[in-house]
Structure formats: C-alpha cells, structure tokens
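Enquirer: Structure in structure tokens, see below.
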Amino acid sequence: MQPEKPVHLPTRLTSLAVALTVALTVLGLRLWQLQVLQGDYYAQLADTNRLRIHHVAAPRGLILDRRGTPLVLNRPAFSVSILPMELREPARVLPELARVVGIPQEELWSRWERGRSRPFEPVRVRRDVGIRVVTRLEERREELRGVQVEAEPVRVYPFGTAAAHVLGYLGEVSADELEALRPRGYRAGDLIGKAGVERSYDTVLRGDDGEHVVEVDAAGRPLRVLREQPGRPGNTLVLSLDWELQQEAERQLRGWSGAVVAMDPRTGEVLAMASSPSFDPNAFSVGISEREWRRLLRDRRNPLLNRATAAAVEPGSVFKVVTGLAALQEGRAGPASQFVCTGSLRLGRWVFRDLQAHGVVDFTTGVAQSCNVMFWMLGRILGPDRLATYARRLGFGQPTGVDLPLEVPGVIPDAQYKQGTWREPWYPGDTLNMAIGQGFVLVTPIQVARALSAVANGGTLVQPRLARAVLSPGGQVVRTFSPVVQGRLEFSPSALRALRRGLEAVVERGTGQAARVEGLRVAGKTGSAETPRGRPHAWFAGYAPAEDPRIVVVVLVEHGYRGGLSAAPIARAILSRWRDGQRAGQREAGWASR
Amino acid sequence: MGVAVTADLRAVRRRLRHVDWVLVACTLALVALGTAAVASATATPEQPLGLLRPRLAHVAVGLVVLAGLAAVPYQSLGEAWKLLYGLSLALLALTDLVGRTALGAQRWLALGPVSLQPSELAKLGLVVALAWFLSRRKDPPTRFADLFPYLVLAGPPVLLVFLQPDLGSALAFVAVLLAMLWAAGLPRGPLAALVAAGLLVAPLVWPLLKPYQRTRLLVFLNPSLDPLGAGYNLIQSKIAIGSGGLWGKGLFAGTQNTLQFLPMQHTDFVFSVIGEELGFVGTVGVLLLFWVFLLRVLQVASSARDAFGSYLCVGVASLVAFHVLVNVGMTVGLAPATGIPLPFLSYGGTALVTHLAGVGLVLSVAVRRPKILF
C-alpha cells in the first residue's frame with residue numbers, strides 16, 4: 001500500500017528548481033563581478049597582502065661651505081617602527097614596546113591609531129635607538145610581531161648652533177605637507193626640511209629611498225626577496241658661506257640678540273649669516289621632544305627666529321644712505337654743499353633735537369658725523385614720496401628673494417600706509433623721522449646688505465644667495481648658481497662717488513671708527529635706531545675694500561645702544577678675519593678664489 | 001540455485017540501468033575537485049600533499065556508505081526512522097554535554113582516533129523522519145495546525161545544534177523543513193506565516209548569540225568595520241576569489257591560499273581556494289556541477305515510485321542547496337559567515353560522508369523507480 005504521491009508535487013518541484021537556478025545565477029553573476037570585472041583590483045590587493053616593500057632610507061645630501069667644510073652630514077643609526085598591518089595584538093605588544101624603547105605608552109597608542117588607516121605603511125615610533133634597544137628588540141622578534149627595526153641615518157650638525165638659521169632643521173612631514181608631496185614619493189613619517197636651506201633645497205638634498213620587495217606569509221615571515229633596488233643618496237649642497245667668517249660672526253654675536261650678514265656685493269653670495277640667540281638643530285634630527293619644543297617657542301628671545309631675514313626692525317641712521325643718495329641724485333646736495341647744524345630743527349610748532357650741534361658741515365662730514373639736522377633738511381626738501389621711491393629702488397619694502405624660507409618684506413611707509421595701518425594722516429614730522437630711518441621704516445639686515453651692495457658695486461641690485469653649487473653624491477658638479485641681477489639703479493656716478501666718500505669718512509673720522517681695519521679701507525654707516533621696546537638697536541653696515549668692494553658686512557645688535565660702540569667692532573672683527581683669509585687665499589689659490 | 005543467481009544478476013543489472021549516472025558523475029567530479037583543492041589548501045613544504053591522505057580515507061568511507069545506502073531499499077529506512085532520528089538526537093545531546101570544543105563551538109564527538117560531527121548526521125536523520133511523516137499523510141498539510149507534528153520533529157535538533165552553538169546548521173534544519181513542507185503542498189499562506197514567525201523570533205535569539213556570532217553578523221553587513229579582526233576572513237576570501245581572475249593562478253599557486261592569508265582554506269573557505277587557483281572558470285564550473293546535480297535530484301524526486309522517495313530526494317536536495325548557497329554566498333560576501341561547509345568539497349569527514357550518504361539515498365530512490373517510458 002503505497003501512499004499516493006501528492007498531485008501538485010511536480011509543480012512544487014519545478015518551482016524549487018526555478019528558485020535554485022535563480023539563486024545560483026545570482027552567485028554566478030557575483031563571481032563574474034569579483035573575478036572578471038574587478039579581477040585586477042583584487043589581484044592588486046592580493047599583491048599588497050603578500051608583498052612587503054621595505055624602504056631603505058637613502059642618506060640625505062651633505063651641506064658644505066664654499067671651501068668644502070662639511071656643515072651637515074649623516075650618521076648611521078636605527079629606527080623603530082610599527083607596521084599596523086602586522087600588529088595584530090596591540091594590547092600586548094605596545095606596552096612591551098613602550099617599555100623596551102622607553103617612550104610613553106599613550107604616545108605609542110596615538111601613533112598606532114593614526115597609522116591604522118594605512119595599515120601597510122610603517123609608523124615611525126622612535127629614531128636613533130641605541131644598539132642595546134636594537135638587540136633587545138631583535139631577541140623578541142617573535143613576541144613583538146609588527147615591530148620593525150630598520151637602518152635610517154640621522155642628520156648631524158657638527159657645529160651645533162652655528163649657522164642654525166641658515167642650515168635649518170628637519171621634522172616629520174605634516175599631514176598637510178604630505179597631501180601635496182605624496183605624488184613625489186614622500187611618505188608618512190619622512191623627515192623633510194622645516195627651515196633654512198634644509199627646507200628651501202629639500203628636493204636637492206633628499207635622496208631616493210631604496211626598495212626591497214619581499215614576499216611574506218600571513219604571519220609576516222619573509223619568504224624570499226623578489227626585487228632589490230638600491231637607493232640613491234641625496235645631492236650635496238655647496239653653500240657660499242665662508243665658515244671662517246661665519247664662526248667669527250657667531251663668536252662676535254655671542255651674548256647679544258642680533259644678526260650679521262656678510263655678502264659679496266658683486267655676486268650676491270652670502271659669506272656669513274648669523275642670528276643670535278640660536279638653537280641646536282641636532283635636537284630636531286631624531287624628533288624633538290614636546291618639552292624642548294615648547295621651551296624654544298616660549299623663549300622670549302625667540303631663538304628660532306632668523307633675525308637676518310625674518311625680522312624687520314627700525315634701521316635708524318643706516319637709512320641715511322637712502323636719504324643721502326636720493327638728495328645727491330636729485331641734485332639737492334653735492335659733495336661740497338654746506339649745512340648749518342644748530343643741534344635742532346624747527347618744524348612748525350615742533351622742534352626736532354639732535355644729540356649735538358655740528359656747526360657748519362659739508363655733505364661728507366654730515367654723513368661721517370651722522371648729522372641728523374642735515375638729513376632732516378634733505379628729507380624735508382625731498383618729501384616722503386621721493387624718499388619712499390628711492391628706498392624701494394634700493395630694494396626696501398620687499399623681500400630680497402634670498403634662498404631661505406619665511407623672509408619678511410619690511411615696511412617703507414607712505415601716507416597711504418600710515419592711514420591704513422595707523423588711521424592717521426601723514427604729518428611733515430613723519431618725513432623728518434623717515435629721513436633718518438625712524439618712524440615707520442622697518443628693514444631686515446639682508447635688505448640692508450643688498451642695498452649697500454648696490455652702492456658698493458656701482459648700482460646693481462643683486463639677489464642674495466646661499467647656494468653656490470649642487471654636487472652629485474659622487475662629487476660631480478650637477479648645477480652651479482650664477483648671480484641674479486634684480487635691477488640696475490641708474491644713479492649718476494658722481495652721486496654714488498659722493499655718497500661713498502661720505503661712507504669712507506664715517507670709518508676714517510666719523511661715527512664708525514671702531515670698524516677700522518688695518519690694511520683694509522673700510523666704508524660704512526652706523527645706526528642707532530630708537531625703538532619703542534627698549535634701548536636703541538645698534539647698526540653697522542659697511543663694505544671693503546672701499547676702492548674695490550668685495551665684501552659687505554651688516555651688523556645688527558638689538559638694544560646695542562650705539563652702532564659705533566657695539567655693532568662697528570663686530571664688523572671690524574669680521575672684516576679683519578676676511579682680510580686674513582684674502583691674504584691666505586692669495587698665497588694658496590683655493591676654493592675661495594674660484 | 002543457479003537460476004536464483006541469474007535472476008539476482010538480472011535484477012541488479014536492471015537496477016544499474018536505473019542509476020542516474022549524470023548524478024553520480026557530478027558527485028564524483030565535485031569530490032575530485034574538492035580533493036584537489038584540499039590538497040592545495042593544506043600543502044606545506046614538509047607535507048607537499050597536505051591532508052590528501054585523510055581526505056581520501058573520507059572519500060573512501062563516503063563512497064562505501066553511498067553504495068550501501070543505494071543498495072538498501074529506502075522504504076526500510078523509513079520504517080527505521082525512529083532509530084535514525086533517535087540516534088541523531090542522542091548523539092547531539094551527547095555532543096552538547098561532552099563534545100570537543102574547537103573554534104568556540106562544541107561540535108565534535110571524539111570516538112577514539114575519529115572525531116564525529118553529529119550535527120551533520122542529524123541533518124540526514126531529520127530528512128528521513130520528515131519524509132516519512134509527510135508521506136504518511138493522505139492530504140497535503142493546509143492549515144497551520146497541520147504543521148505541528150513537523151515542528152515537533154524539527155524542534156529538538158535545531159535547539160541542540162543551536163546550543164553548540166552552530167547557527168549555520170540550525171538554519172540548515174529550518175531550510176530543509178521549509179523546502180519539504182513546500183514540496184508536500186503546504187500552501188503559501190501558512191508557509192509565509194511560518195517564515196514570518198521565524199523572523200519575529202530572530203530578535204529574541206539575538207541576546208542568546210555568542211558575542212563572536214553577533215560580530216560576524218555585523219561584520220557581514222560592513223566588513224570594513226574591523227579589517228584586521230572579524231572582517232578579515234571575508235575580506236581575504238573576496239581578495240582570493242577576485243584575484244583568481246578568469247583563469248586562476250593555477251593549483252598550488254594561489255598566494256592567498258599558500259601564504260595563509262585565507263583562513264580555514266580547506267574547510268569553510270575551500271571555494272575561495274578554487275576561486276583563486278582555478279579562476280572564474282573553476283568557480284562557475286563548480287556551480288554548474290551543483291546545478292546539474294540538484295536538478296537531477298529533483299528529477300529523481302518527481303519520478304520516484306512513492307511520496308516517501310520524493311520527499312527524501314527533496315530533503316537531500318534542499319540540504320545540499322542550502323549549504324552551497326550559504327557557503328558560496330559567504331565566500332563572495334553575499335551571506336554572513338556561519339561556518340557551514342561546502343558539500344563534497346570541504347575537508348571534513350562527517351560532512352562528506354553525510355552528503356555522500358544523501359546521494360546514496362537518492363540513488364536508492366532512483367534505482368527503484370518504475371520503468372521510465374521515453
């Protein structure tokens with residue numbers, strides 16, 4: 001007795017078959033999508049899984065002075081990183097790693113958290129770990145999965161604080177910077193130049209990292225090397241700095257806040273650039289500690305500031321070079337013009353007082369004595385617009401374009417500026433102040449150096465420059481830098497001659513006698529700039545030899561009181577050092593005379 | 001004596017003619033493919049053939065069981081449903097009590113050197129019991145109340161398996177029950193009501209799930225939730241399959257497989273190995289083999305001598321189909337990870353023997369079909 005099969009069984013079976021066919025077709029279509037349409041994408045993901053690209057950090061290029069003295073170099077060292085992809089047990093590994101490496105656990109966690117979005121990129125935990133840490137980590141390789149130790153050179157600045165503002169320092173590339181630089185091969189955790197020539201020539205100095213492509217299994221064990229591509233060290237940057245002069249400048253500035261710029265007026269090559277107080281860029285090479293960084297930022301003397309290029313202050317009497325040149329060129333004064341200095345000048349209701357009465361002075365003596373009354377008179381005749389025009393032609397009020405980051409333009413005021421910034425009209429008294437470099441005029445030492453270079457070289461505005469050449473790692477010259485002329489000032493030879501005679505008189509018999517150097521004719525101008533913030537700033541800006549200028553020296557000593565007292569002796573020390581170098585150079589023609 | 005032997009031989013020959021050779025061929029092809037994939041998935045430098053040996057032993061046992069069940073008249077199995085069903089329940093209960101735990105679930109019963117996964121055996125036990133009860137009815141179940149005996153039958157194994165916990169197998173029982181009720185003529189209304197009731201119960205089950213099961217379900221909805229943790233398996237499986245492309249990377253040459261990026265690549269994710277190493281051609285080939293196999297089983301169901309035979313075949317078909325859809329769906333990211341093996345292909349003795357035994361049942365039905373008139 002077999003029970004009958006239900007009548008609707010066939011239709012029900014058919015519907016099951018149809019449902020099954022539909023379901024399998026869906027799976028088939030999904031496979032088509034995954035394997036055929038997106039096959040290449042997944043193949044790439046599979047490669048990302050199994051291929052570890054180890055980047056072998058290429059050493060950054062060296063930085064040399066003009067004679068080949070190494071100013072920045074590298075030292076072999078080891079770095080510790082974590083690879084989030086392989087760090088499967090952070091809760092166990094990170095505390096252990098923090099202990100061995102000696103950094104706070106929280107910092108490690110936050111670094112790991114940040115790296116998780118790109119699990120295949122190693123996250124640097126600490127640079128320059130000692131050999132003992134390296135051994136301890138290697139011993140525990142199995143326990144500390146996801147932790148890597150790799151060779152990565154550390155940047156060394158053998159002279160410490162010397163020329164720190166010129167050389168700059170390194171820091172980890174920031175997220176914003178990385179966004180822009182990733183196409184050019186920069187990766188998270190890379191060190192890039194953050195200041196100085198390290199920053200402005202980062203692409204020159206940076207090497208191409210080597211690549212090892214290794215096949216690994218899921219446990220991260222390396223199985224075989226698939227490709228090995230050696231890295232290429234960065235190019236060497238040769239600076240125009242003369243290390244002898246630089247060190248002299250550093251020595252002279254010690255204890256002061258201020259800046260020194262020495263420059264070749266014919267080429268714009270910067271021979272020395274010092275800013276005081278300074279900092280030690282070595283502290284940045286392995287990642288500066290939070291505390292140290294805060295200390296630098298809080299320091300009221302602002303050691304990170306490059307006072308030669310990035311801080312504009314009142315020029316004081318140094319600005320009389322502009323006023324004097326304008327008067328001579330405009331025919332308002334000649335070498336033989338006579339001025340009566342009673343020690344003060346009346347302007348309407350106000351009386352402008354000078355320190356002393358110079359009596360009857362000619363133009364040269366007026367410059368030599370830095371007679372304010374004479375320059376007030378000249379300023380009054382010239383008017384603010386003409387003063388501003390001359391100042392701008394000499395390059396004030398705009399950056400010099402020196403190859404350093406963060407240069408400031410300074411200020412050359414006019415009526416519009418004063419109205420815009422101070423909400424006040426331009427008074428005739430402002431013109432008098434401007435004529436002697438007070439009031440609203442703000443300049444940087446590098447601007448003064450460029451302007452004085454133009455006076456010294458006969459009227460050519462040259463761009464100040466620190467880079468002299470780029471060499472390949474093997475020492476071949478890759479690129480040389482030639483002088484960049486930024487403008488020709490059409491000053492009459494007689495006007496220039498008269499001004500230069502005045503500047504020579506400053507050192508011979510005037511306010512700048514402290515800059516006198518035996519065996520070298522020095523010309524220059526002192527300045528004592530009143531500042532609302534304390535004692536006057538002391539300036540000296542000069543060149544030598546007066547008959548054929550080959551070096552311009554600008555010294556700024558903040559709150560140094562009088563240019564002739566504190567700034568001129570510094571210039572003198574640098575110039576006599578330069579004279580010694582010239583004499584030595586004549587004996588043995590070396591780098592310097594090239 | 002001699003006459004009797006001749007008569008027997010004639011009967012055997014007649015039966016062999018009724019064997020569905022396409023069905024057998026599909027089964028053997030799937031078993032062979034699975035064996036190759038398992039060998040590739042478990043090969044190591046020390047053991048180039050991996051788990052090939054035990055796999056072959058499983059295949060041998062499975063084929064003997066298949067042949068034996070094909071030879072036994074299936075009606076007698078039906079009459080023994082109490083024994084089969086009771087044994088299934090007893091083993092499941094024992095597993096829940098003293099079973100071996102692996103991967104967070106108590107699924108295995110150790111019998112000396114062999115370990116047994118009773119949930120797999122219970123699947124067939126339930127199929128036999130349900131088929132027997134359904135075939136005893138005169139009219140198709142139409143009212144909701146008619147479902148009561150079947151729910152009583154299916155309830156205990158579902159519960160016991162769920163407790164292990166093995167969510168996938170518990171759902172497999174439910175799928176088999178629904179498919180067989182549908183074949184028995186249950187109208188859409190009560191069936192839909194049953195499914196709706198199940199869905200309403202689902203939120204009540206949520207708090208009973210182990211944390212890892214909840215994560216699996218959440219991760220299925222969004223695998224990138226935790227790419228290195230719970231979502232890892234699903235992502236790696238998709239990478240393996242996708243990277244196989246059209247033609248695959250060749251047996252033993254899949255990097256996802258051989259470098260161990262693919263988890264559980266010889267059991268739950270054996271399909272991903274095939275996807276990576278044999279490509280789209282391989283995966284679609286496997287799906288086509290299953291398709292032909294299942295259509296042939298349904299064909300046997302419709303041509304069976306009696307209702308019991310039909311229901312047996314539907315039960316086996318739904319069992320295999322559920323496993324294929326859920327397992328493959330999981331490997332391609334269309335279904336959550338529930339830890340269900342791929343029939344005939346995954347490594348795992350009990351599952352393989354169970355599925356081959358199911359094929360044995362179907363063949364038993366097939367060879368006892370009335371003469372087919374072409």
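Laboratory data are not the source of any read-out in this text; all were calculated from the coordinates shown. The model shown is predicted, which means the values in this text are computed figures rather than measured ones. No Cβ is skipped: glycine too gets one built from the backbone with ideal geometry, and neighbour counts run over all protein chains shown.
Enquirer: I need to check one value: relative contact order of segment A:471-563, counting alpha carbon pairs closer than 8 Å and at least 6 residues apart, in percent.
Expert: 19 percent
Enquirer: A follow-up question, please. Give me the distance between the Cα centres of segment A:393-414 and segment B:316-330, rounded to whole Å.
Expert: Their Cα centres are 77 Å away from one another.
Enquirer: Across segment B:2-367, what fraction of all alpha-carbon pairs, as a whole percent, falls in each successive 20 Å bin from zero upward?
Expert: Reading the bins upward from 0: 29, 58, 13, 0.
Enquirer: Would you pull out the residues with amide H under 5 Å of A:G487's amide H, same chain only if 5 or more places away, H placed 1.01 Å from N?
Expert: A:L461
Enquirer: Ranking request for peptides B:236-243, B:60-67: highest mean number of other beta-carbon atoms within 10 Å first, then the rest in descending order. Don't skip to the answer; put the middle values down first.
Expert: On the way: B:236-243: 28.2, B:60-67: 16.9.
Output ranking for B:236-243, B:60-67: B:236-243, B:60-67.
Enquirer: Using θ = phi - 60° and the Karplus relation 6.51 cos²θ - 1.76 cosθ + 1.60, list the HN-Hα couplings for segment A:81-95 in order, rounded to whole Hz, with x at every Gly or Pro.
Expert: Once θ is set to phi - 60°, the couplings for segment A:81-95 become 10, 10, 10, x, 3, 9, 7, 8, 10, x, 5, 9, 6, 5, x Hz.
Enquirer: Calculate, in whole percent, how much of the Cα-Cα pair population of segment B:265-374 lies beyond 20 Å.
Expert: 44 percent
Enquirer: Taking segment A:504-558, how much of its Cα-Cα pair set, in percent, is spaced more than 15 angstrom apart?
Expert: That tail contains 46 percent of the Cα-Cα pairs.
Enquirer: Could you estimate the translational diffusion coefficient of segment A:324-479 from the Stokes-Einstein equation, with Rh from the Kirkwood formula over C-alpha pairs, at 37 °C and 0.692 mPa s, in whole µm²/s?
Expert: So the translational diffusion coefficient is about 186 µm²/s.
Enquirer: Then there's this: Amide H of A:V154 versus every other amide H placed in the peptide plane: which residues, excluding those fewer than 5 positions away on the same chain, fall under 5 Å?
Expert: Those qualifying (amide H under 5 Å, at least 5 residues apart or on another chain) are A:R75, A:A77.
Enquirer: Just to check, using Stokes-Einstein with a Kirkwood Rh over alpha carbon pairs, what's the diffusion coefficient of segment B:9-76 at 10 °C and 1.306 mPa s in µm²/s?
Expert: My calculation gives 113 µm²/s for D.
Enquirer: Loop-only chymotrypsin sites (Phe, Trp or Tyr not before Pro) in segment B:241-303, please: DSSP not H, G, I, E or B, and at most 11 other Cβ atoms within 10 Å.
Expert: Hits after loop and neighbour filter: nothing returned.
Enquirer: If I take all pairs of Cα atoms in segment B:191-320, what percentage of them are more than 19 Å from each other?
Expert: Beyond 19 Å sits 66 percent of the P(r) for segment B:191-320.
Enquirer: Looking at segment B:2-367, how many pairs of lysines come closer than 27 Å at the Cα, when each pair is eight or more places apart or spans two chains?
Expert: 6
Enquirer: Given the alpha-carbon gyration tensor of segment A:347-416, what are the semi-axes of its equivalent ellipsoid in whole angstrom, ordered largest first, with each equal to the square root of 5 times an eigenvalue? Please report the intermediate quantities before stating the final value.
Expert: Numbers: eigenvalues 178, 52, 26 Å².
After diagonalising the Cα gyration tensor, the semi-axes are 30, 16, 11 Å.
Enquirer: Separate question: Can you list residues from other chains, or at least 5 along the same chain, whose modelled amide H is less than 5 Å from the amide H of B:L116?
Expert: B:L109, B:A110, B:L111
Enquirer: Based on the Kirkwood radius over alpha-carbon pairs, what value in µm²/s does the Stokes-Einstein equation return for the translational diffusion coefficient of segment B:113-227 at 37 °C and 0.692 mPa s?
Expert: Translational diffusion coefficient: 208 µm²/s.
Enquirer: Quick check on segment A:209-348: what does the Kirkwood estimate of hydrodynamic radius come out to from the alpha carbon pairs, in Å?
Expert: For segment A:209-348, the Kirkwood estimate is 21.6 Å.
Enquirer: Still on this structure, I have one more. Nearest 500 deg cm²/dmol is fine: what mean residue ellipticity at 222 nm does the protein assembly as shown get from its DSSP H runs of n ≥ 4 alone, each adding -39,500 (n - 2.57), divided by its residue count? List each step's numbers first, then the result.
Expert: Values: 36 runs with 474 residues, N = 968.
It lands at -15500 deg cm²/dmol.
Enquirer: Now for a different question. Just B:V300, B:V201, B:V314 to compare: in a GNM of chain B, with alpha carbon springs under 10 Å, which one fluctuates most?
Expert: B:V201
Enquirer: Something else now. Across segment A:312-323, in residue order, what do the Karplus-derived ³J(HN,Hα) couplings come to in whole Hz, using 6.51 cos²θ - 1.76 cosθ + 1.60 with θ = phi - 60° and x for Gly and Pro?
Expert: Running phi through 6.51 cos²θ - 1.76 cosθ + 1.60 with θ = phi - 60° gives 9, 10, 5, x, x, 5, 4, 5, 5, 4, 5, 4 Hz.
Enquirer: Could I ask something else about it? Can you spot the lysines whose alpha carbon is less than 18 Å from A:K525's alpha carbon? Ignore those fewer than 8 places along the same chain.
Expert: List returned: A:K320.
Enquirer: For the protein assembly as shown, what Kirkwood radius comes out of the mean inverse Cα-Cα distance, in Å?
Expert: 35.6 Å
Enquirer: Using a simple charge model, +1 on the beta-carbon of Lys and Arg, -1 on the beta-carbon of Asp and Glu, nothing else, what dipole does chain A show about its Cα centre, in debye to the nearest 20? It would help to have the intermediate numbers written out before the result.
Expert: Details: 78 positive and 61 negative charges, 192 e Å.
So the dipole magnitude of chain A works out to roughly 920 debye.
Enquirer: Tell me the volume per residue, in Å³, of the convex hull enclosing the alpha carbons of segment A:79-151.
Expert: So the per-residue Cα hull volume is 75 Å³.
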